[in-house]
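Just so you know, all these numbers are worked out from the coordinates, no wet-lab data involved. Remember, predicted model here, so these are calculated numbers, not experimental data. Glycine gets a Cβ as well: all are built from the backbone with ideal geometry, and neighbour counts include every protein chain shown.
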Amino acid sequence: MTTPTTIRLYGTAPDSIVDGPGLRFAVFVQGCSHGCPGCHNPDSQPCGGGTVRAIDDLVAEIAANKLAQGITISGGEPFEQAAACTELARQCRVLGLNVWTYSGYTYEQLAAGVPDPAARDLLQQTDVLVDGPFVQACHSFELKWRGSSNQRLIDVPATQRAGHVVLWETEDYLPRKPASW
């Protein structure tokens, strides 16, 4: 299988504080088949929109941000571009960044290879998965790093070791020196 060199993006936020702990570089992919009512990025849903970017160029932009402590891959739906998002996450992990990935699919679906067998590869590169569709009836501004209460913050490495879903424990977060310093 050929390693992807490009990714279709809706946009980026190089200094996000709402897409996971610490200062994060958020990457919003283009294309999502879920169509969740109340989606906070409805313009990211059409698969043909957005901009095609070279993954290496995007990684160079992320690496240049010496304050970012991690990246967040959101959308759109990252697992509908699983191979490209896997390559992005792999390169960012080499830089010493942690990876959070948001998905409208559940962990169980992704572990089974839905929507694409490459979903398992992206899970392997993900530290925390925020899973499940956004459900407007479960929406609350009181939730940390998720939009609706049905969504889970999953510690992916702990889940894979345990063989069952292990929730990521929210901790009071104090900034630390980025690995790039």
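For segment 57-72, 3J(HN,Hα) computed residue by residue from phi via the Karplus equation (6.51, -1.76, 1.60; θ = phi - 60°) reads 5, 5, 5, 4, 5, 5, 5, 6, 8, 6, 8, 5, 9, x, 10, 10 Hz, glycine and proline entered as x. Over all pairs of different C-alpha atoms in the chain, the reciprocal of the mean inverse distance, the Kirkwood hydrodynamic radius, equals 16.2 Å.
In this structure, the amide hydrogen of Ile154, modeled 1.01 Å from its nitrogen in the peptide plane, lies closer than 5 angstrom to those of Leu129, Val130, Asp131, Trp168, counting only residues at least 5 positions away or on a different chain. So what's the gap between the Cα centers of segment 64-102 and segment 1-47, to the nearest angstrom? Here the answer is 10 Å between Cα centres. Each Cα pair under 8 Å and six or more residues apart adds its sequence gap; the mean of these over the residue count of segment 22-65 is a relative contact order of 35 percent. As a calculated quantity, the FRET efficiency between Thr3 and Gln136 at R0 = 41 Å, using C-beta atoms, amounts to about 0.65.
Cβ crowding within 10 Å, taken as a proxy for footprinting-reagent exposure, orders Arg24, Arg53 from fewest neighbours to most as Arg53, Arg24. The residues Arg8, Arg120, when put in order of fewest to most other Cβ atoms within 10 Å, stand as Arg120, Arg8.
Residues Asp116, Asp57, arranged from fewest to most other Cβ atoms within 10 angstrom of their Cβ, appear as Asp57, Asp116.
Summary value for the chain: 20 percent relative contact order, contacts being C-alpha pairs under 8 angstrom separated by 6+ residues. Dividing the mean sequence gap of close Cα pairs (under 8 Å, 6+ apart) by how many residues segment 45-102 holds gives a relative contact order of 42 percent.
With loop defined by DSSP as not H, G, I, E or B, and exposure as at most 13 other Cβ atoms within 10 Å, which is the longest segment of the chain clear of exposed GluC sites (Glu not before Pro)? Segment 1-141 is the longest. Summarising the amide proton neighbourhood of Thr6: residues at separation of 5 or more, or on other chains, whose placed amide H is nearer than 5 Å comprise Ile55.
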